[in-house]
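Reading through the C-alpha cells given below for one structure.
The values are calculated or read from the model by the stated rules, or taken from the named source; none is laboratory data. The structure displayed is predicted, hence computed values, not measured ones. Cβ: placed from backbone, ideal geometry, glycine included. Neighbour counts: every protein chain shown.
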Amino acid sequence: MRKILSIALSSLLSISMLPAWSANAATTAIPKAPCTKEGDAARGPKKEKLVCAEVQGSKIWVPRGGDLVVAISQDPGSLNPAATTAGAVHTASELMFNGLVELDDKLNPVPELAESWTVNKKATIYTFKLRRGVKWHDGQPFTSADVKYTFDEVLLKYHSRTRAAMLSALSVVNTPDKYTVKFIFKESYGPLLLQLDVTEAPIVPAHIYRGSDPTKNPANLAPIGTGPFKFGSYTRGAEIVLNKNPDYFKKGKPYLDRVIMRVIPNSATQVVAFESGSVDFLWGIPGPQRARLLARKKVFDTLVTRRNPGGANCMMTVSFNLRRSITSNLGVRQAIFHALNREAFLRNVIFSEGSVAVSPFSKGIVWAWGRNLKLPEYSTAKANALLDAAGWTGRDGSTRTAQGVSGVANGTKLSIDFLHFPTFSAYAELYKAQLREVGIDVRLRPLESGPFSTAVFRNRDFDTNIISYCNGNDPEIGIRRMYDSAQIGSVAFSNAAAYSNMTVDGLFQQARNTLSISQRQGLYQKIQEQLVKDVPYVWLVETKGTRIFTSSCGGFRAYSLFAEEAYCSS
Amino acid sequence: MISQISDTRFGKLIAPIAGLSVWLIVALSANWLAPFDPFLVVGEGLRGPSIRHPLGTDLIGRDLMSGVIHGARTSAVIVLGVASIVVVVAFLIGLTSGFLGGVVDDVLMRVSEAFQVVPRFFLAIVAIAYFGSGVDKLIVILGLTSWSGLARVIRAETLSVRESTYVEAAQLFGSGTLRTIFREILPNVLPTSSVYLMLLLSRVLLLEASLAFIGLSDPGSISWGYLAGSSQAYLRSAWWVALFPGLAILLAALCLTSVGDALGERK
Amino acid sequence: MSRYVLRRLAQVVPTVLGITLITFVLVHLAPGDPVEVLASGNGDEGYYSFMRAKYRLDEPLLVQLWTYLTNVLRGDLGTSYLTGEPVFKMITPRIGSTLLLAFSSIIVSMTVGIALGVIAALRAGKFLDRAVLRVSVLTAAAPSFWVAQVLLLVFALRLGIFPSDGRNSPGFEGSGFTRVLDTLWHLVLPLSVLAIQESSTLARLTRTGVVDQMSEDHIRLARAKGLSEFKVIIQHALRRALPPVVTVIGGRVGHVFSGAVVVELIFGWPGLGQLILSSSQSRDTPVLLGVLMIIAGAVVVTNLLTDLSYVLIDPRVRLR
C-alpha cells in the first residue's frame, strides 16, 4: 500500500519536473521582411493577411489584427494615469492616452499631440501648436482647453513627479486659441520638453472631468482618451480589454485588434500562463526563472529597458531620517553605506537585471550622472571603525550599544527600523542580514503604499526606508524632489530624508533656469559631489525591466505606448 | 506482533508523540543546534543542498537548515501560545456556560457564535494589516478567534456530565463546586477537548503558512510558514527552499492530527 | 418546526450585527489616520480637514458606528476611501465568483468525501480503508499553496488540459451556454484545490460515523431482515451517521472561504479574496467592512441551512 502511494506521489512530482511540453511551444518568430509602401496589403505564406506597416522607423510586412494578452500583477483600481504615478494604473491605461510630446529611444522630443513648438530665448515661454483633427474616443474634438484643464486641475494637483517639478515654476498655462498652448514660467525652465510624454503628463478630456474630483470621477473606470486603443471593458480583478481605435490620429496604427490585460497577482502563475500560451507578454520575469526562460530564445523574445509605465530610470534608494538622533550622525550613515554589499543586492535580489549605482543620479540620464564620484565602497572593516568612532562600542549579544554617543543614553542598543513595501521584502532581508554583521539590529516594517506614505512623509516615523525613486529622463523630474528643502512635506515620495542644504537648493534652481546642457551638467556634477559628502541616502541599485514575449508577437517599444506598433500573428 | 501493537491506541501514539518531542527538543536547543545564524548571509544565494549547507541556501544566501531549526522554535512558540489562550478562554467560557446554564449560557453562546462565524483567515488579514505583523500579535489574534469551537465542545461535555447522577450524588454529599469540576467534569471533558485542540493547532500551523504566503508574516522572526510561504515562487527553480520548510510543516501537522485521532478513537 | 426556523432566523441578525460591531471597533481603534487613504497621499492640512468633515471622521466612535449601521440597514454600504466608488458596486461583481468557488467546492467535497467515507467503511480494516485514511491525512496536512502549485504545474502546464488562471478565457466574448462552459472549465483547478482538502476531512468523519453505527442494534436488525450489505449501509447506517457530518459542513464553510483567498490569489480568480487583501492593505475601511459583512452573512445563512437540513435528514432529532 505504501508502495502504491509513493509511486503515485513521485509520478505526480516527476511529471511536474519534466521539461515542458505544452500545446503552444512550437511558435516561430515572424520574419521581418521589408516592404515599400505603407498600407499595401498582401498574403503571407500561411495565407494570413499582411499589411505594410511602419515599426520603429522601418517598413515591414506585419500580420494584421490579432489579440495581445498581457499579464499584469495588480488590479489597478483606476484607469486615470494623470492623477497618479502608480505603476499598476499606468501599465493598464497608458495605451488609451497620449502626451503632448513623446521621447524616442534616444530621449529626443518627437511630436505627439503637439505637432510643433517654439521656445523663447530665455526659456520662459513654450508655445505648442496642437495637431488638428484629433478626436477623443467619444468623438469630441481635442483642443487646447483639454491641455489647460489637465495641467491645472489634475497633473499639478495629483501627479507627484510633475507636481513636484513644475508647480512652483509654472506661472500659467494659456490657450490663445483652440490649437495653441502657451506654458509661461516664472523663470527660465530647461527641462519641459522631457516631461510631456504619456507617463509624466498624459492629457485627459476636460469635457468629461470638469467640475468633478478627478480621483473619484466614474470615468476613471471607463476612460475616454485619445490613444491608439479605446476602452472596451473592465472586469474588476480579472481583466481589462482595450479595443483598437480606428480613428487614431496616427493613420494606420495600431495593428492589433485588441490588447487584453489579465490580472494575475501571483508571479509564478504568470510564468505558467506565459509558458502554456495563454499569455503573450510579461512585464517582468521573477529573478529565479530568468535563466531558464531566457534560454528558450527561439520561442521567446525579450526587451530590456530602464523606462517603465511607473517611471523611468528607477533607482532603489535607502533614505535616512535626518531628524532622528541615530541617523542624523554622518559617521553612522557612512558606516551603513560601507556595510552594504550592493553587488549582493544586484545578484541576489534583482538577478543582475540592472546595475549598482555609481552616482546619486541614474546613469540613464546620460549627460547628468556624476562622473568619478567615490561612493563609500563595501567594507565591513570601515563600517566597524566608523561605528566605533561614533561611540557605539558596547555590546549586547551581537548588537552594538551606545557608550558616549551624543543624544543617546549609554547602553541603548543600536537598533533601527526599516520601512518597505511588501514587494521589496527581499531587499529588506538582505539589508537586515548585512547590517547585522556590523552589529546593527534592524526591525523590519512592511507597509503598503498608503500607510507607508503616512509613516514616512507625514509623520516622519521611521529611521530608514527603501523607495524605488524613479529619476525620470531629466533631473528636474524625479531627482530634485528628493533633495530640495522646499519639498520636505507630507506629499508622498518627496524629500524623504528631510535633507536641507541651501547650496544644493541654489544649484538645483540654477540648473533648472539654464538651457545649455553642458552648463547644467556642470551644476549637477557639483550637486552630486556634495550629496556624496552628505550621504542623505544610500543609492543602492538601478533597476531595469525585462519584458518577455512570445516570438509570434513583435513590434514592442521599450517605453510608453509599448503596443502602438505591436503585432501578433493569430 | 508489531501490527498488533501499532493497532492499539497506545501504539498509534508512539510515532506522533516521538515526532512532537523531536520538535520540542529542536525548538529548545535551536541556538546550539543550528550551524549558522539564520539571519546572516553565509553563502551564495539559491544554492542546492551541499555538505556545508545540507538543506541549501535561500534567496539571499542564508543557511536553510539553520532557518528550519530556528523555525521549529518560532512555530512551537506560536502553537503553544495559541494553545494556551484557547485552552484558558475556552475552558472558562465552556465550563461557566455548561455549569450555570440559563441566560449566562445563552449570552456566552451567542458571543462564541459571533467569533466563530467570520473566517479566521479574514480576521487575521484585517488585524495584521491594521495593527502590524509580529509573532506576539499573531498569537493573540489566532488565540482570540479560535476558542469558540473548543468552548462549545467543553460546554456540551459539561452539560452531559452535569446531568449524570453521580455528580448530583457528589453534590448531595457536600462536595464544593470547584471540587466537582475538577474531579468529575474535567476528566470527562479532557479526551474530546484534546482531540479538538490537536486538530486546531495543526490548522494554526497551516494558517500561519498561508499568511506568510500572502506576505503577512512577521519578517523579524523566521518561522516555517514564513520560509515555505514566501519561497513558493521558486518551487520550479530552487525547490529546496520551499520543500524542506513545507515538509516540516507537513510532518508537524501530521503528528498533531495523529495524536488527536488516536486520543479520540473509541476502543 | 417553523418556530425553530423562525428562532434561528431571528438569531442571524444579532450575529451579523455583532460581527460588524467587533470589526468596526477593531479597525477604528487601529493606529493610523483614515484620512490618509482618502487623501491618497496628497494634500495639506486644508484638504485633510475637508475630507475629515466630508466623511464625518471627527465624530465620536459610537456616533460613527450608529451612522454606519443605520446606513447598512438602508442598503448603503458606503463609498470606497480610495476610489470613491460605492462599496456595493465593488463587491457585487466579485461576490458571485467567490460564492461559486466556495459552494461548488463544498458540494463536490461533500459528494466525494461521503462516497469515499462509505467505501472506506465498507472495506473497514482492509487495504482500501487504510489507503483512504492515509491519503486524506496527508492532504489535510499539506499547505494549500503547495497543492495549488502542483495542480497548476501538472494540469495547466505539462498536460495543458486546464487553464492556468482567471474565470474566463482572455477577452472572452461569448454568452449564455458557451460562457458557462468556459467558466466551468476555468473552475476545475481552483475547485480541486479546495475540494481535495475538504473531502479528506469529510471522508474520515463519514467513515468513523458509519463504522460506529455498524455495531448498533438497528443495523443488526436490518441485516437480520435480509437486506444487502449495501442497502444496510446506505439506508440505515449512513442516515444515522450523516447528521454530525452535515453539522460539520456548516462549520467548514468559514474554512472554505478562508482557503479561497489563497486559491483566488494563485489562480487569479476574481473574487472577494483579492478584494479583502487589497482593501485591508490599503486601509480602505468601508470596502473591508462591506466584504466582512457579506462573508459573515454567507456563513451564517449556510449554518442555518445546514441546521435545517439536519432536521430533514433525521426527524428524530429533538429540537431545543
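Among the residues of region A:152-169, how many are acidic (Asp, Glu) and crowded, with 18+ Cβ neighbours inside 10 Å?
1
Please report, ordered by residue number, the strands (runs of 3 or more DSSP E) entirely within region A:212-300 with at least 3 residues that are away from every other protein chain (no Cβ under 12 Å).
The strands (runs of 3 or more DSSP E) meeting that bar are A:229-235.
Only residues in region A:295-306 that are closer than 15 Å to A:Phe281 by Cβ count as the first member; pair them with residues that are part of a strand (DSSP E or B) and of a type outside the set (D, E, K, R), Cβ under 6 angstrom, at least 6 apart or cross-chain, and list the lot.
Pairs that qualify, where the first residue is closer than 15 Å to A:Phe281 by Cβ and the partner is part of a strand (DSSP E or B) and of a type outside the set (D, E, K, R), are A:Phe300/A:Ile548; A:Asp301/A:Phe549; A:Thr302/A:Thr546; A:Thr302/A:Ile548; A:Val304/A:Thr546; A:Thr305/A:Gly545.
Show the residue pairs that are 6+ apart or on different chains and have beta-carbon atoms under 8 Å apart, the first residue being within region B:31-50 and facing chain A (nearest Cβ under 10 Å) and in contact (Cβ under 8 Å) with a residue 60 or more places away in the chain, the second being of a type in the set (Ser, Thr, Tyr) and in a loop (DSSP other than H, G, I, E, B).
B:Leu46/B:Ser237
Being crowded, with 20+ Cβ neighbours inside 10 Å and more than 18 Å from C:Ser97 (Cα to Cα) narrows it down to one residue among C:Ser200, C:Ser228, C:Ser215; which is it?
Residue meeting the stated conditions: C:Ser200.
Give the residues of region A:170-192 that are surrounded by fewer than 20 Cβ atoms within 10 Å (Cβ to Cβ) and not in a strand (DSSP E or B), sorted by residue number.
Those that are surrounded by fewer than 20 Cβ atoms within 10 Å (Cβ to Cβ) and not in a strand (DSSP E or B): A:Lys178, A:Tyr179, A:Lys186, A:Glu187, A:Ser188.
Tell me which of these A:Gln519 doesn't satisfy, since it passes every other one: (1) under 30 Å from A:Val119 (Cα atoms); (2) assigned to a loop (DSSP other than H, G, I, E, B); (3) polar (S, T, N, Q); (4) more than 19 Å from the chain's Cα centre (by Cα).
With (1) under 30 Å from A:Val119 (Cα atoms); (2) assigned to a loop (DSSP other than H, G, I, E, B); (3) polar (S, T, N, Q); (4) more than 19 Å from the chain's Cα centre (by Cα) applied to A:Gln519, the lone miss is (2).
For region A:413-428, which residues satisfy the criterion of being touching a strand residue (DSSP E or B) at 6+ places or on another chain (Cβ under 7 Å), closer than 21 Å to B:Phe131 by Cα and assigned to a helix (DSSP H, G or I)?
A:Pro422, A:Phe424, A:Ser425, A:Ala428
Return the residues of region A:443-479 that are within 14 Å of chain C (Cβ to nearest Cβ), touching a Pro at 6+ places or on another chain (Cβ under 8 Å) and over 23 Å from A:Ala433 (Cβ atoms); say none if nothing qualifies.
Within region A:443-479, A:Glu448 is the sole residue that qualifies.
Name the residues in region A:236-264 that are over 19 Å from A:Ser569 (Cα atoms), in contact with a helix residue (DSSP H, G or I) (Cβ under 7 Å, 6 or more places away or on another chain) and at pLDDT 90 or above, would you?
Those that are over 19 Å from A:Ser569 (Cα atoms), in contact with a helix residue (DSSP H, G or I) (Cβ under 7 Å, 6 or more places away or on another chain) and at pLDDT 90 or above: A:Ile240, A:Ile264.
Of everything in region B:225-249, what is small (Gly, Ala, Ser) and touching a residue at least 12 places away in the same chain (Cβ under 8 Å)? Give them in sequence order.
B:Gly225, B:Ala228, B:Gly229, B:Ser230, B:Ser231, B:Ser237, B:Ala238, B:Ala242, B:Gly246, B:Ala248
Restricting to region A:425-440, and then to whatever is touching a Gly at 6+ places or on another chain (Cβ under 9 Å) and in contact (Cβ under 8 Å) with a residue 12 or more places away in the chain, can you tell me which residue is nearest to C:Pro34 (Cα to Cα)?
A:Ser425
Say whether the condition of being free of Cβ contacts under 8 Å to residues at least 40 places away in the same chain and facing another protein chain (nearest Cβ under 9 Å) is met by at least one residue in region C:212-229.
yes
Could you check region B:120-136 and list, in sequence order, the residues that are hydrophobic (A, V, I, L, M, F, W, C) and under 16 Å from B:Val204 (Cβ atoms)?
B:Phe121, B:Phe122, B:Leu123, B:Ala124, B:Ile125, B:Ala127, B:Ile128, B:Val135
Only helices (runs of 4 or more DSSP H) wholly contained in region B:158-267 count here; list those with 1 or more residues that are more than 8 Å from every other protein chain (Cβ to nearest Cβ), more than 30 Å from B:Phe99 (Cβ to Cβ) and modelled with pLDDT of 85 or more.
Correct list: B:186-214, B:224-230, B:239-264.
Is it the case that some residue within region A:313-321 is over 30 Å from A:Asn80 (Cβ atoms) and either outside any loop (DSSP other than H, G, I, E, B) or aliphatic (A, V, I, L, M) (or both)?
Yes: one or more hits.
Rundown of residues vs (1) within 14 Å of chain B (Cβ to nearest Cβ); (2) in contact with a Leu (Cβ under 7 Å, 6 or more places away or on another chain), yes/no style:
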{"site": "A:Asn321", "(1), (2)": "no, no"}
{"site": "A:Arg324", "(1), (2)": "no, no"}
{"site": "A:Ala335", "(1), (2)": "no, yes"}
{"site": "A:Arg347", "(1), (2)": "yes, no"}
{"site": "A:Trp369", "(1), (2)": "no, no"}
{"site": "A:Lys382", "(1), (2)": "no, no"}
{"site": "A:Ala389", "(1), (2)": "no, no"}
{"site": "A:Thr393", "(1), (2)": "no, no"}
{"site": "A:Asp396", "(1), (2)": "no, no"}
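Select, from A:Glu353, A:Glu343, the only residue that is modelled with pLDDT under 90 and either away from every other protein chain (no Cβ under 12 Å) or on the phi < 0 side of the Ramachandran plot (or both).
When all the criteria are applied, what remains is A:Glu353.
Here is a list: B:Val87, B:Val117. Which entry is under 27 Å from B:Asp218 (Cα atoms) and surrounded by fewer than 20 Cβ atoms within 10 Å (Cβ to Cβ)?
B:Val87
Every residue, every condition in (1) part of a strand (DSSP E or B); (2) farther than 19 Å from B:Gly134 by Cβ, yes or no:
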{"position": "A:Gly364", "(1), (2)": "no, yes"}
{"position": "A:Asn372", "(1), (2)": "no, yes"}
{"position": "A:Gln403", "(1), (2)": "no, yes"}
{"position": "A:Gly411", "(1), (2)": "no, yes"}
{"position": "A:Leu430", "(1), (2)": "no, yes"}
{"position": "A:Leu435", "(1), (2)": "no, yes"}
{"position": "A:Leu444", "(1), (2)": "yes, no"}
{"position": "A:Ile467", "(1), (2)": "yes, yes"}
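Here's the yes/no breakdown for (1) surrounded by fewer than 15 Cβ atoms within 10 Å (Cβ to Cβ); (2) hydroxyl-bearing (Ser, Thr, Tyr); (3) away from every other protein chain (no Cβ under 13 Å):
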residue: C:Tyr55; (1), (2), (3): no, yes, no
residue: C:Pro86; (1), (2), (3): no, no, no
residue: C:Ser109; (1), (2), (3): no, yes, yes
residue: C:Val112; (1), (2), (3): no, no, yes
residue: C:Gly125; (1), (2), (3): yes, no, no
residue: C:Val135; (1), (2), (3): no, no, no
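I'd like to check something: does region A:26-49 contain any residue that is closer than 30 Å to B:Ala238 by Cβ, of a type outside the set (D, E, K, R) and at pLDDT below 55?
Yes, there is a match, as at least one residue in region A:26-49 is closer than 30 Å to B:Ala238 by Cβ, of a type outside the set (D, E, K, R) and at pLDDT below 55.
Does A:Pro422 count as touching a residue at least 12 places away in the same chain (Cβ under 8 Å) and within 14 Å of chain C (Cβ to nearest Cβ)?
So A:Pro422 fits the description; yes.
For region A:91-109, enumerate the residues that are assigned to a helix (DSSP H, G or I) and crowded, with 24+ Cβ neighbours inside 10 Å.
Hits for region A:91-109 are A:Ala92, A:Ser93, A:Glu94, A:Leu95, A:Met96.
Of the conditions (1) more than 14 Å from every other protein chain (Cβ to nearest Cβ); (2) among the basic types (Lys, Arg); (3) closer than 23 Å to B:Leu235 by Cβ, C:Arg158 fails just one. Which one is it?
(1) is the only condition that C:Arg158 fails.
Within region C:249-277, work out how many residues are under 18 Å from A:Glu448 (Cβ atoms) and more than 10 Å from chain B (Cβ to nearest Cβ).
The total comes to 2.
How many residues, within region A:74-86, are more than 10 Å from every other protein chain (Cβ to nearest Cβ) and surrounded by fewer than 22 Cβ atoms within 10 Å (Cβ to Cβ)?
0
Looking at C:Thr206, C:Thr302, which is the one that is within 12 Å of another protein chain (Cβ to nearest Cβ) and at pLDDT 75 or above?
C:Thr302
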